[in-house]
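*Asks:* Before I ask anything, here is the structure I am working with.
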Amino acid sequence: MAIHNPEIKYTKLFINNEFVAAESGKEFEVINPSTEDVICRVSEADKHDVDKAVAAARKAFHRTSQWRTMDASQRAILMHKLCDLIERDMNYLASLESLDNGKIFADSLGDLEYTVKTIRYYAGWCDKVQGVTIPCDGDFISMTRKEPVGVVGQIIPWNYPVMMLAWKWGPALAAGCCIVMKPSELTPLSALYLAALSKEAGFPDGVINVVPGFGPSAGAAVSEHHDIDKVAFTGSTAVGALVMQAAGKSNLKRVTFELGGKSPIVVFDDCGDLDEAVDTCHGGVMNNHGQNCCAASRCYVQESIYDEFVKRSVAMASKRVIGDPFDESSTMGPLINRVQMDKVLRYIESGKKEGAKLECGGIRKGSKGFFVVPTVFSNVTDEMTIAKEEIFGPVQSILKFSTMDEVIDRANKTTYGLASGVITKDINKALMFAQGIKSGSVWVNTYDLCQPQSPVGGYKQSGQGRELGEAGLEEYLETKTITIKIPSKF
Ligand code: ADP
């Protein structure tokens, strides 16, 4: 059950297991995107606070610390304890997420369930991280140890605040790293609450630190820091490039990125149930209000079913109920802020101007809150801005194609490569598409299924490295090789 006005319990920085004000004393406003009201004020971290958090994390990472000397199986118990507490407070946390982010309550609950699944999945890895023994030339044997990378900076966006946290805390904690996390300045509340739960679960001082603040100050302080060993970033490609530069200019810290996308979903005329295909494509781009790096924002439909597909997509978009995320009848909430709403409306204008056919939506709803009516464009062509740039809003562009070869080439003609989808009943077509497309994830007859067990990440400018699955864990591990001489005689 949703809590309509969840009490805001934590608004300060979380450093070394304590909530503390920013050194500067500064605070920033957190806005409710449904009403534009101020929810609360949160302490604003800058470089000094990041330094404090890094020092706490570094101390917690010392080889003799409680965290480093703890059995790996005990780390798993702490992670499960954290999940038990999230489950205990799930309604509260989901309500907080809906208040802060604007996503409808049912979706927030879903995010929380995935958060728990992800952390539990990684808890299972803690005592299963193993090296190998290697027979090498001469009288030697090598063995490898997998060790935690160290102090990790984690910078996350606002679209899935609690789930992005889980994608990053999960593997970092399983590996044995210590964390300095900067949540988005637009949605810091769930991360602060989870920080409090981590203390309650019993994580030692300094293992988890959360420093809300702005990108160019707190975010840059993380990516430039000389005592952070790795930074994991999720956000825009433009900021990803800045983080990479800062990593290179400072201490060549490791970087992993999950960045933007312009993901294609391709519907062949042998898709089977057309309504199901329409539903998959609609959800692929409209879920989370389109504020999703993997959003299926280019929908390619084979010519013989194109007109019918457009008709049914419009009907489906028109059925969406836009409104208060706490209202059970709502199926879509507001965008995150005015900047995002204006940007999406500008893209819609550009679609109209460049000759796409606006089938429905295309406008803001009301004058309070950042609501945009779900929008469908048909007759979209590859060179239009709406087919090239990431919109991050509820805007579906439907393009027409005739052949497999043509659609693979067109789908690949982008600087991005995060995700893709294909809908067909022909396994050969699905496999051919999956082989030809340049994207980190390919979903066949489904879309945006990010399970904790399966890695996700981007080709090209959509990212580096992987999150989730064993591949995600690997990004938080160093390989140490120990080579031993075997005596030739006693
Ligand atoms: P989005 O478009 O999803 O808001 P951004 O890339 O702007 O993505 O933001 C994602 C995260 O990156 C946020 O936590 C934001 O504060 C942070 N960020 C923004 N600018 C910088 C920067 N120059 N250095 C480091 N982090 C930044």
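The values are calculated or read from the model by the stated rules, or taken from the named source; none is laboratory data. Only a predicted model underlies this, so the values are computations on that prediction, with no experimental measurement involved. Note that each Cβ is placed from the backbone with ideal geometry, even for glycine, and that neighbours are counted across all protein chains shown.
*Asks:* Do we have A55 as of a type in the set (A, V, I, L, M), over 17 Å from L192 (Cα atoms) and in contact with a Phe, Trp or Tyr (Cβ under 8 Å, 6 or more places away or on another chain) here?
*Replies:* For A55, the condition - of a type in the set (A, V, I, L, M), over 17 Å from L192 (Cα atoms) and in contact with a Phe, Trp or Tyr (Cβ under 8 Å, 6 or more places away or on another chain) - is not met.
*Asks:* Of the residues that make up region 23-37, is at least one in the same structural domain as F214 (by TED's automatic domain parsing), in contact with a helix residue (DSSP H, G or I) (Cβ under 8 Å, 6 or more places away or on another chain) and assigned to a strand (DSSP E or B)?
*Replies:* yes
*Asks:* Give the residues of region 193-218 that are within 16 Å of the ligand (Cβ to nearest atom) and assigned to a strand (DSSP E or B), sorted by residue number.
*Replies:* N209, V210
*Asks:* For the structure I just gave you, tell me whether L274 is more than 16 Å from the ligand (Cβ to nearest atom), over 21 Å from the mean Cα position of the chain (by Cα), free of Cβ contacts under 8 Å to residues at least 40 places away in the same chain and farther than 25 Å from E406 by Cα.
*Replies:* No: the conditions fail for L274.
*Asks:* Output the number of residues of region 329-359 satisfying the condition of being in contact (Cβ under 8 Å) with a residue 24 or more places away in the chain and more than 16 Å from the ligand (Cβ to nearest atom).
*Replies:* The number of residues fulfilling the criteria is 12.
*Asks:* Report yes if D426 is more than 23 Å from M286 (Cα to Cα) and touching a residue at least 60 places away in the same chain (Cβ under 8 Å), otherwise no.
*Replies:* The answer is yes for D426.
*Asks:* As an exercise: evaluate L165 against (1) touching a residue at least 24 places away in the same chain (Cβ under 8 Å); (2) of a type in the set (A, V, I, L, M, F, W, C); (3) within 30 Å of H4 (Cβ to Cβ); (4) more than 16 Å from the ligand (Cβ to nearest atom) and give the number of the one condition it does not meet.
*Replies:* With (1) touching a residue at least 24 places away in the same chain (Cβ under 8 Å); (2) of a type in the set (A, V, I, L, M, F, W, C); (3) within 30 Å of H4 (Cβ to Cβ); (4) more than 16 Å from the ligand (Cβ to nearest atom) applied to L165, the lone miss is (4).
*Asks:* Could I ask something else about it? Within region 74-129, can you find the residues that are surrounded by 21 or more Cβ atoms within 10 Å (Cβ to Cβ), more than 16 Å from W169 (Cβ to Cβ) and out of contact with any Ser or Thr (no Cβ under 7 Å at 6 or more places or on another chain)?
*Replies:* S95, L99, K103, D107
*Asks:* Quick one: in region 141-159, which of the residues that are assigned to a strand (DSSP E or B) and surrounded by fewer than 21 Cβ atoms within 10 Å (Cβ to Cβ) is nearest to the ligand (Cβ to nearest atom)?
*Replies:* Selected residue: E147.
*Asks:* Can you tell me which residue within region 219-237, out of those that are more than 7 Å from the ligand (Cβ to nearest atom) and of a type in the set (A, V, I, L, M, F, W, C), is nearest to A55 (Cα to Cα)?
*Replies:* So, considering only residues that are more than 7 Å from the ligand (Cβ to nearest atom) and of a type in the set (A, V, I, L, M, F, W, C), the one nearest to A55 (Cα to Cα) is I228.
*Asks:* Check K353, K400 and return the single one that is buried (at least 16 other Cβ atoms within 10 Å of the Cβ), among the basic types (K, R) and either touching a Pro at 6+ places or on another chain (Cβ under 8 Å) or not assigned by TED's automatic domain parsing to the domain that holds T237 (or both).
*Replies:* K400
*Asks:* Regarding region 182-192, can at least one residue be identified that is away from the ligand (no atom under 15 Å from the Cβ) and touching a residue at least 12 places away in the same chain (Cβ under 8 Å)?
*Replies:* Checked region 182-192: no residue is away from the ligand (no atom under 15 Å from the Cβ) and touching a residue at least 12 places away in the same chain (Cβ under 8 Å).
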